[in-house]
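Visitor: If you scroll down you'll find the structure; I have some questions about it.
The values are calculated or read from the model by the stated rules, or taken from the named source; none is laboratory data. Since the structure is predicted, the reported quantities are computational estimates derived from the model, not experimental observations. Virtual Cβ from ideal backbone geometry, glycine too; neighbours counted across all protein chains shown. Accessible surface areas use protein heavy atoms only, side chains included; no ligands, DNA or RNA. Shrake-Rupley method; radii C 1.70, N 1.55, O 1.52, S 1.80 Å.
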Amino acid sequence: MRAVFEFLASQPVLLVFLLVGIGASVGRIRVAGISLGAVAVLFAAIGINALSVSQGVTLEIPAPIGDLGVVVFAFATGIIAGPGFFNALRTSYLMMLAVTGLLVVAGAAGSFVGIGLGIPPLTIAGTFAGAMTNTPSLAATGGSAEATVGYASAYLFGVIAAMAAVALALRHSRSDTDAPDPIVDKPVAIDTEAHPTAADVTKRHGDRIAFSRVRHDDDASVEAVGPDTVFEPGDVVNVTGPRDEVDAVAMELGHTSAIDITRDRSALDFRRIILSNAKLSGHTIGELNLRTRFGANVARVRRGDVEVVGTADFELHLGDRLRVVAPTDRMAEVTEYLGDSERGLADINPIALGLGIALGLLLGSIQIPIPGGHFSLGYAAGALVIGLVMGRLGRIGPFVTSLPHTAATVLAELGLLVFLAFAGTKAGSLIVDAIVSGEVVRLLLLGAVMTTIVVFGVYLVVRHVFRLGGTRLSGVVGGAQTNPAILGFANSRTGYDVRVALGYTLVYPAAMVVKILIAQVLVGL
């Protein structure tokens, strides 16, 4: 067995993928309907490395490999969440302040309990970093042996407690009130004498609905609806949107029609088309001007597993799947114009990926002087911030800043798995050291106090004060712990629901900054 571990220790790349494979296999095992998912890679790495240490061999994955994994994960997560993050930020800043307050309370409680247990300030700071599962905080302490032992002793409980809080949050996911209503289509017969235009009705309903096609009373043919299309009594129009809004439109304009005008595809057809033309990425549906060019429009957009209404101001990204309604004889032109290539789903946009991560690393490495030392965001937080901004922008002039949702999701998962393998090998050997040193019981107790305050404090405050749904709350718990493993666990339990990533990114940047500052303050006490 020792010979096997010695061979693995000499082959770090082989070790990474072996741990990923073994951990992922364990993560698929379901017990009482529950599986660990990606986070099993972390626990597998901890266990295997602890076993190797008992044989006199320490398995180590070079730090640059771990850094590569975490920055790719953070950047891709930012790209995915960017479009929704800044919208949510306007209404959720109080939640960020609440999470910050809980972190400060945890740091103060840790200092008080640690001093009472006779633990030195440097070890308290390292234990805080482990309890918060935050490696940059450990780095901010200087990464000494004393701090590292505290980090390793508290880390595992920090992960397990956060997973428990996520599981608790997801118990309420079935009753989420922030779940998007399903997108439906309904034919509506026009009765009103107000002669409204499509743009008028769409604006009255907050741009949450769209009209795809209309059949005028005096003409049996069906045509695509444009913003200036006037609805006359006797017309039948197809409405797309959330069920409650579509029902409201039907009552406003007339009544639900028994005539399904979508079945007549002789003059007007519809098709799912992948946006793979890079020149169009970052532009809104209205800017494509499909109505003028081809007599066509976009009824729906599917991004990942989420489907939204194709409103004029919706910004498109590479890989989006558009449900296009167009004249039958012009559908081929529309398809060619949009691209419709499977490559659009998998194009990682290496220019945006490379330059974006490089900017994130530069941002994370900036040293900001503070009393008693200096402060920096760290690579992971820097990459996340740049990813959020680039995901939100979508395009800067001719430069596309976003990645297709599918490609970003794959990159995020790959980066996460590599990082988990790295973190597990590091924590595994350090936990053995902590046990041998005899300090593990006191450090476990200290870490448990701080972890409990943050993890379950976030759960209680965000759930009962801010009334957040269980799905998004699970992401907030992961973001408060600034741990990709917790996000991976929540994603695996929800089928990568976009609300998880949105909750995670909502508090992650602030939590990362606050944890680094608190760790530095604890060292100086």
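Visitor: Along the Cα-to-C-beta direction of Ala278, a point sits 7 Å from the Cα; which residues of segment 400-426 have their amide N less than 16 Å from that point?
Guide: 400-405, 407-408
Visitor: Given a 1.4 Å probe and every protein chain left where it sits, what share in percent of the accessible area of segment 38-122 is carbon and sulfur?
Guide: 73
Visitor: Using helices alone, what [θ] at 222 nm do you get for the chain, with -39,500 (n - 2.57) per DSSP H run of 4 or more residues, divided over all residues and rounded to the nearest 500?
Guide: -19500 deg cm²/dmol
Visitor: Determine, from the Cβ-Cβ distance of Asp217 and Ile351 and an R0 of 60 Å, the FRET efficiency 1/(1 + (r/R0)^6), rounded to the nearest 0.05.
Guide: Here the calculated transfer efficiency is 0.70.
Visitor: For segment 444-518, which whole percent of the accessible surface, found with a 1.4 angstrom probe, sits on carbon and sulfur atoms?
Guide: About 68 percent, which is the carbon plus sulfur part of the accessible surface.
Visitor: Val230 versus Ile366, label points 7 Å from Cα toward the beta carbon: distance in nm?
Guide: 5.5
Visitor: How large is Rg/Rh for the chain, to two decimals, with Cα atoms and a Kirkwood Rh?
Guide: Taking Rh as the inverse mean 1/r over Cα pairs, Rg/Rh reads 1.06.
Visitor: Any idea of the accessible area per residue across the chain, 1.4 Å probe, to the nearest Å²?
Guide: 42
Visitor: Turning to a different aspect of this structure: Setting aside same-chain residues fewer than 8 positions from Lys203, which lysines have a Cα under 23 Å from its Cα?
Guide: Straight-line reach from Lys203, under 23 Å: Lys186.
Visitor: Turning to a different aspect of this structure: Please state, to two decimals, what the Cα-based radius of gyration of segment 234-334 comes to when divided by 2.2 N^0.38 Å (N = residues).
Guide: Compared with the compact-globule rule of thumb, segment 234-334 sits at 1.13.
Visitor: Once the piece of chain linking Arg30 and Leu460 is laid out straight, how much longer is it, given 0.36 nm per residue of separation minus the C-alpha distance between them?
Guide: Taking 0.36 nm per residue and subtracting the Cα distance, the gain is 152.0 nm.
Visitor: Could you check how much of the accessible area of segment 245-287 is carbon and sulfur, as a whole percent, using a 1.4 Å probe?
Guide: 53
Visitor: Further, regarding this structure: Residue by residue, what Karplus-based ³J(HN,Hα) values in Hz, rounded to whole numbers, does segment 328-342 have, using 6.51, -1.76 and 1.60 with θ = phi - 60° and x for Gly and Pro?
Guide: Couplings: 4, 7, 10, 4, 4, 5, 4, 4, 5, 5, 7, x, 6, 10, 4 Hz.
Visitor: Let me ask you something else. Relative contact order for the chain using alpha-carbon pairs under 8 Å, separation at least 6, rounded to a whole percent?
Guide: The value is 27 percent.
Visitor: Quick check: residue separation of His255 and Thr292 times 0.36 nm, minus the Cα distance between them. What number comes out in nm?
Guide: 10.4 nm
Visitor: Can you give me the long-range amide H partners of Val184? Hydrogens built in the peptide plane at 1.01 Å from N, cutoff under 5 Å, separation of 5 or more residues or another chain.
Guide: Distant-sequence amide H within range of Val184: Gly241, Arg243.
Visitor: Please work out the ratio of the alpha-carbon Rg of segment 465-525 to 2.2 N^0.38 Å and round it to two decimals.
Guide: That ratio works out to 1.25.
Visitor: Which net charge results when you count Lys and Arg as +1 and Asp and Glu as -1 among the other residues whose beta-carbon is under 10 Å from that of Ser212?
Guide: Residues close to Ser212 contribute a combined charge of +2.
Visitor: Using a Förster distance of 22 angstrom, determine the FRET efficiency expected from the C-beta separation of Leu97 and Leu525, and round it to 0.05.
Guide: For R0 = 22 Å, the calculated efficiency reads 0.40.
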